Amino acid sequence: MDIDRRSVLRRAAQAASAGAAVALAAAGPPRHPRHSAAPRPAAAPALAPPPGTRTPFAAAAPPVIVRRSTWQTNLPETERQRDPAVRAVFIHHTDDPNSYGPQDVPDILRAIYREHRENQGWDDIGYNFLVDRFGTVYEGRLGSTEEPVVGAHTMGFNRETVGIAAIGTYTAGMQVPAPVVDAMARIAAWKLGQYGIDPQGRSELTSESSGSRFPSGTSHAFDAVSGHRDAFCTLCPGDALYLALPGIIERAAEVLRGDPPVRPGAATPPPRPARPPSELVRELSPRT
């Protein structure tokens, strides 16, 4: 499969350049559609429990993950940054065509890796994990299966978070396959549950970049499972996947409760209101 990610990014950047600065200033902090218009008290920072402390959740088993060494044998030599905990998950899509087959996925992953290394200048792929449309989970940034490795997926909020990307394009009108919802939920339950974080709760994070929706040094209480656009002015993860977030959150909570697995062919979760287009300016590859 011929994957030309550079041309996609070039077109997106050209379309966004005229109005990006104005929209960033005007949009202000996003209001999450899952919450009412009434203000909600800010959540206390969700920190990792001390060693030996019981968490309110049973530990969720990790999903079956295709290791990095399987889809890329020439592994990068890089020193990984590690965090003490995972407090939130950010959901992305990769903006690739949806018509791929299982045999095409390794080539897509390697193309994303080259884009992040050669165009973005990062030392590794930005996402911690990627999920194909069949529900298969792939290790992204090296070491993410073993520990809280700092990724490069959500500008300003890469610390103590996990970036999960759905391989494909999930803009308005697209269907999010039930296996994608289930796989993302299982990753979220596994990673958040290790540190006692409720997938249906919120975590307060501090911005490390004014290029995000929040000036550097300011804090914001995000849903423990949020979309890329909640933290950065972008169309990512696409309207369809963004509308599926409540289903991912609910499924993650079910996994931690030990509820039965999702039924094959289950319907896409019910939609939630999408953020107005005026607030969504750029569909660019994530930046640190």
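At-a-glance table
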| quantity | calculated |
| --- | --- |
| Candidates per chymotrypsin sites (Phe, Trp or Tyr not before Pro) in the stretch 115-152, loop by DSSP, up to 14 other Cβ within 10 Å | Phe134 |
| Extension gain from Thr206 to Arg82, taking 0.36 nm per residue of separation minus the Cα-Cα distance | 43.0 nm |
| DSSP-assigned coil residues among GluC sites (Glu not before Pro) in the stretch 86-195, each with at most 13 further Cβ atoms within 10 Å | Glu146 |
| ³J(HN,Hα), Karplus 6.51/-1.76/1.60, whole Hz, each residue of the stretch 175-182, x for Gly, Pro | 8, 8, x, 4, x, 5, 4, 5 |
| Long-range tail of P(r) for the stretch 168-232 (Cα pairs > 18 Å, %) | 51 |
| Translational diffusion coefficient (Stokes-Einstein; Kirkwood radius from C-alpha pairs) of the stretch 110-250 at 10 °C, 1.306 mPa s, in µm²/s | 103 |
| Modelled FRET efficiency - R0 25 Å, Ser216 with Glu147, Cβ distances, 0.05 increments | 0.45 |
| Simple label model, 7 Å out from Cα along Cβ direction - Arg257 to Asn98, nm | 2.9 |
| When the convex hull of its Cα atoms is projected in every direction, mean area for the stretch 77-137 (nm²) | 5.4 |
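Only the coordinates and a few stated rules stand behind these numbers; no lab work does. Computed from a prediction, not measured in an experiment: that's the story for all the values here. FYI the Cβ positions are ideal-geometry reconstructions off the backbone, even for glycines, and counts take in every protein chain you see.
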